[in-house]
Structures are given as structure tokens and as C-alpha cells.
Amino acid sequence: MKHPKHILSDYWGKLTARLRKECDALPRKQRLMVVSVMLCVFVLTAFFVFGHACYRIGLGQARHAVEVEHIRPLDLPKNDVKSLTPSAYDDAGMESED
């Protein structure tokens, strides 16, 4: 029994060979016409998708509801440090040695 990967590969190879054979059988102008039609369908589909996306953006439907979260103050542990009072400094702004 063949591995499924080989079965798919064989099928894809046969399909590619048949498509290539059919395309080679077409006259040059007809082949150009087929490629041109396929390109036009692709371009029109791309414009439709792009235009529809722009339309939805214009309506505001594409915008997700974004809630602004403000920065909250951190819960820091309280230290047992006494606050400095002006009397802890002498007149020169230096800390006294008391």
C-alpha cells in the first residue's frame, strides 16, 4: 500500500501533466486570452476585497472596542522610615550629627 503522501503526489503530477498538455494544445492567441481573463478575475477580486475592507473601516465596523487602561499607582510596602524634618539639618544644609 502506498503512503498517502505518494498517492497525492502521483495525482498532482498527473493533473499537472494533463493541464500542461491541454494548455500546449491551445493556439497562442487563445492561451493569451485565457491568461488575460484569469488575470482580470484575480484583479477584480483583489479590488473587491480591498474596497470592501476600506468600506468597513469607513463605517467603523473593523475597529475593535479598545478600552483605555490608565496606569495605576504601585502598591509599595510602607517602610518604617521617619520623615526628615527641617530641624534635622543645620543652617548650612548639612545633616546634623545628633
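The values are calculated or read from the model by the stated rules, or taken from the named source; none is laboratory data. All of these numbers come straight from a predicted model, not from anything done at the bench. Quick reminder, even Gly has a Cβ in these numbers, built from the backbone with ideal geometry, and neighbours come from all protein chains shown.
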Which numbered condition Pro86 fails, given (1) loosely packed, with under 10 Cβ neighbours inside 10 Å; (2) modelled with pLDDT of 90 or more:
(2)
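Condition check ((1) of a type in the set (S, T, N, Q); (2) surrounded by 10 or more Cβ atoms within 10 Å (Cβ to Cβ); (3) modelled with pLDDT of 80 or more) across all residues:
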| site | (1), (2), (3) |
| --- | --- |
| Leu26 | no, yes, yes |
| Val35 | no, yes, yes |
| Leu44 | no, yes, yes |
| Leu59 | no, no, no |
| Arg63 | no, no, no |
| Asn79 | yes, no, no |
